[in-house]
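Heads up: the structure comes next, in structure tokens.
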Amino acid sequence: MPVRVQTEDFNLNTELETLRSGRLQAGAVACFVGTVRDANEGSMVQSMTLEYYPGMTERTLLEITDQACQRFDIIDALVVHRVGRLLAGEQIVLVAVVGQHRGPAFAACEFITDKLKTEAPFWKKETTTQGERWVEARHSDLDALKKWD
């Protein structure tokens, strides 16, 4: 279960090919790609700066992917999360899951994404046309997490 935190962009096709490589039992690949929106809370977003806690963040991501592999019948999972300054439209995160069947792959992908949004130590600051502001946790993200209890 590879996890990476990096400043550079990722290539979706390359990441999925690598994850699937040699896994002929895989019948499903489910993925989520998160991007920087150009608007949030009524303001135009120019960029987002993501900060993280080195070591702890990667450890948390590994724990989340381990939980997904234990909970769902999947073969493997990948998380690539970018940090640093990203412009509107740029990719932030990739969550990809390989499984034998689509149901567990979709569920595991959603589980990892929901947990990542609420438990991984990342901090986001938006630069908008009105200035800079820290992005607070969304109630909808916390509500989404409840379905996994």
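The values are calculated or read from the model by the stated rules, or taken from the named source; none is laboratory data. Bear in mind the structure is a predicted one, so any value in this text is a computation, not a measurement. Cβ: placed from backbone, ideal geometry, glycine included. Neighbour counts: every protein chain shown. The area values use the complete protein model at the heavy-atom level, side chains included, leaving out ligands, DNA and RNA. Shrake-Rupley method; radii C 1.70, N 1.55, O 1.52, S 1.80 Å.
Under 5 Å between amide H atoms, partner at least 5 residues away or on a different chain: which partners does residue 128 have, H built in plane at 1.01 Å?
For residue 128, whose amide H was placed from the backbone, the distant partners under 5 Å are 46, 133.
When ranked by the protection proxy of mean other Cβ atoms within 10 Å per residue, highest first, what sequence do the peptides 31-42, 130-141, 72-83 form?
Peptide ranking by packing, descending: 72-83, 31-42, 130-141.
Taking a cut-off of 17 Å between Cα atoms, list the lysines near residue 147, but don't count ones fewer than 8 places away on the same chain.
In chain and number order, the partners are 115, 117.
Which order, highest average first, do 17-25, 101-109 follow once you tally other Cβ atoms within 10 Å for each residue and take the mean per peptide?
Highest to lowest by the protection proxy: 101-109, 17-25.
Once label points are set 7 Å from the Cα along Cα→Cβ at both residue 1 and residue 18, what is their separation, rounded to one decimal in nm?
Label-label distance for residue 1 and residue 18, simple model: 1.9 nm.
With each pseudo-label sitting 7 Å past Cα toward Cβ, what's the residue 149-residue 53 distance in nm, one decimal?
Output for this residue pair reads 2.3 nm.
Take the alpha-carbon centre of the stretch 100-114, take the same for the stretch 54-69, and report the distance between them in whole Å.
The stretch 100-114 and the stretch 54-69 have Cα centres separated by 16 Å.
Expressed in nm to one decimal, what extension gain is obtained for the pair residue 38 and residue 123 from 0.36 nm per residue of sequence separation less their Cα-Cα distance?
In short, 28.8 nm is gained.
I need to check one value: relative contact order of the chain, counting alpha carbon pairs closer than 8 Å and at least 6 residues apart, in percent.
33 percent.
Report ³J(HN,Hα) in whole Hz for each residue of the stretch 42-58, in order, from the Karplus equation J = 6.51 cos²θ - 1.76 cosθ + 1.60 where θ = phi - 60°; Gly and Pro get x.
Once θ is set to phi - 60°, the couplings for the stretch 42-58 become x, 10, 7, 9, 8, 7, 9, 10, 10, 10, 8, 9, x, x, 5, 5, 4 Hz.
As I understand it, the value is the acute angle between the Cα axis of helix 102-119 and the longest principal axis of the Cα atoms of the chain; what does it come to in degrees, rounded to 10?
40
Tell me the per residue accessible area of the chain using a 1.4 Å probe; a whole number in Å² is fine.
55
Give me the one-decimal nm value for the distance between modelled label points at residue 11 and residue 135, 7 Å along each residue's Cα-to-Cβ direction.
Going by the 7 Å Cα→Cβ label model, 2.6 nm.
Just the C-alpha atoms of the chain: what Rg/Rh do they give, with Rh taken as the Kirkwood radius?
Rounded to two decimals, Rg/Rh equals 0.98.
What percentage of the solvent-accessible surface of the chain, computed with a 1.4 Å probe over protein heavy atoms, is contributed by carbon and sulfur atoms?
49
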